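**Student:** Handing you a structure now.
We did not get these values from a lab; they are worked out from the coordinates using the rules stated. Keep in mind it's a predicted model, so treat the numbers as computed, not measured. Ideal geometry is used to build each Cβ from the backbone, glycine not excepted, and the neighbour counts take in all protein chains shown.
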Amino acid sequence: MKSPIGIAVVIVTVGFVLRIDVAFLWQNSITSETHFRFGDSDSYWTMATKIAQGLPYQYGSSNSRVFRAPLYPIFLSPWTWIDGTSQRASRFAVIAARIAGCFMGALCIALVIRLTNKLMVSQKWNYGVEVGIWSGLLTVFYPGAIGMSVFILSESIFCPLMLLSLGFTSFAIRAKNESRWEVAWSWMLISGATSGAACLARPSWSLWPAILFSYLLVLMVQAPPGTLVKDRLGRQLRWIFGCVLFCVGICMVMSPWWVRNYLETEKFVPTTLQVGASLYDGWHPGASGSSDEDMKFVNAFIVEQILEDERDLLAGKQLVSTMEWRLDRRIKNAAIAWALENSSDAMRLGLVKFLKTWSPLPVARELGSDAVRWLEAIGYSAIMGFAVIGIWQCRSQMGAWLYAMPCVYFALLHVFFIGSVRYRQPAVLVICVLGGVGCATIVRWLLSRRVNV
């Protein structure tokens, strides 16, 4: 059932080399002196430089001390040492960081192969080694997966952490099905810890437990026919304990960040203080569903907050928390107020965002060329088509549906926040597991027809 190690190594190596080649091509196409094409990349590098040089962890002024989650800047910080005390990134340092991202991309390929093979073992299907091979090949050549490895964006470390967390959860489900509850609980704890690390890479993952627990609730109520009520209740309580352990794992990993944020703001800040700006980016007058205003609207809110703070001080009122926290709350409240007052526009924008995120042909300007856009569209459509067949093949096994849930999660999330092809890439990477199953199914069907002819 397991893919031979030699074949897996070859596939992973090809993926790694391909990503390095694309990294150099991408770097050579950038004419900016910062060596980055995305504004987010520059901010991550700035934060990484602060860490490497032992400076306060802030972006610009002290009013941006909870601006970015810390894990990706920590990952980048060793490569900023190449530039010494310089605040500007050099081409060599950026290339080194991109190569490190390519290594993370190769790790994703290996994880997809491993998770696919594990899924087939749990299915007890005699599909042989080709399932993991097909999943790996889909991941190797999918343009979105290549881009997430090459770009200086937090997805480069978020994707392997997300795959690990999902894999550990699937191991827990398998152990539960075999009534090995102590093993299942251990995997749930580890899955929670890994999910917490993923949140510290990309805060947008922080609501994943809500979707996961909804999915596990369905598993919870399932029991073999004839199961006694007492035994059914016992299984449900054991599953609930597993979910508690998942939350414990998250808290263990994220609590240092929570403590640090409380010391900075005297408020509980679970991720960052950019939630308000991100929400307003998708919900405001004239919103298009994309981040096409470069967050310029924040400047007007800063002016409003400064004026309000001055009035409060003159009135003898004590200011609550930090300027950064107050500003985030102001922007968040403005976004929610606009959505409530313009519910029809908010729903229309939700559909627009959904289409921007999930349409086969991306509309993102950052992709650069029509050739890249069409390659992305072809790769994405193929994977999703194969995944539909894979889901159908695995439909009787609830554990297999876990690999489709991130698509549901990110689709729901970006109905509220802005839509972009970028935000579907982690989910498409995960669904390559089911895509490999679909691919193998088609190949076996074609071979069987050839034999019959």
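**Student:** Taking Cα pairs under 8 Å and at least six residues apart, what relative contact order does the chain come out at, in percent?
**Tutor:** Working: 645 pairs, mean separation 82.8, N = 453.
Result for the chain is 18 percent.
**Student:** Same structure again: Run a plain Debye calculation on the stretch 1-90 (Cα atoms as equal point scatterers, no solvent) and give log10 I(q)/I(0) at q = 0.22 Å⁻¹, rounded to two decimals, same order as the q list.
**Tutor:** -1.07
**Student:** Helix-only estimate, please: 222 nm mean residue ellipticity of the chain, summing -39500 (n - 2.57) across DSSP H runs of length 4 or more and dividing by its residues, to the nearest 500.
**Tutor:** On the way: 17 runs with 321 residues, N = 453.
Rounded to the nearest 500, the figure is -24000 deg cm²/dmol.
**Student:** What order do you get for 25-34, 310-319, 49-58, 8-17 when each peptide is scored by the mean count of other beta carbon atoms within 10 Å, highest first? Mind dumping the intermediate values first?
**Tutor:** On the way: 25-34: 11.4, 310-319: 9.4, 49-58: 15.3, 8-17: 17.8.
The peptides rank, most packed first, as 8-17, 49-58, 25-34, 310-319.
**Student:** Determine the gain in length on full extension of the stretch E178-L307; use 0.36 nm per residue of separation and subtract their C-alpha separation, reporting nm with one decimal. The partial results should precede the final answer.
**Tutor:** Working: separation 129, 0.36 × 129 = 46.44 nm, distance 6.24 nm.
Here the answer is 40.2 nm.
**Student:** Nothing charged except the Cβ atoms of Lys and Arg (+1) and of Asp and Glu (-1): what's the magnitude of the dipole of the chain about its Cα centre? Round to the nearest 20 debye. Working shown, then result.
**Tutor:** Working: 40 positive and 28 negative charges, 342 e Å.
With only Lys, Arg, Asp and Glu charged at Cβ, the dipole is about 1640 debye.
**Student:** Based on the mean of other beta carbon atoms within 10 Å per residue, what is the order of 399-411, 147-159, most packed first? Mind dumping the intermediate values first?
**Tutor:** On the way: 399-411: 20.5, 147-159: 25.0.
In descending order of packing, they fall as 147-159, 399-411.
**Student:** Can you sort H284, H35 so the residue with the fewest Cβ neighbours within 10 Å comes first? Could you put the intermediate results ahead of the total?
**Tutor:** Working: H284 17, H35 22.
Lowest to highest Cβ neighbour count: H284, H35.
**Student:** Return, ordered by residue number, the residues of the stretch 141-174 whose backbone nitrogen is under 14 Å from a label point located 7 Å along Cα→Cβ of F103.
**Tutor:** 157
**Student:** Using the structure shown, list the pairs from K296/K353; K267/K353; K267/K317; K332/K353; K267/K332 with a Cα-Cα distance above 22 Å, or answer none.
**Tutor:** Working: K296/K353 20 Å; K267/K353 31 Å; K267/K317 18 Å; K332/K353 19 Å; K267/K332 16 Å.
Going by Cα-Cα distance, K267/K353 fall outside the 22 Å limit.
**Student:** Still on this structure, please answer the following. In bins 10 Å wide, starting from 0, what share of all Cα pairs of the chain does each bin hold, as a percent?
**Tutor:** P(r) for the chain, in whole percents per bin: 4, 18, 28, 27, 15, 5, 1, 0, 0.
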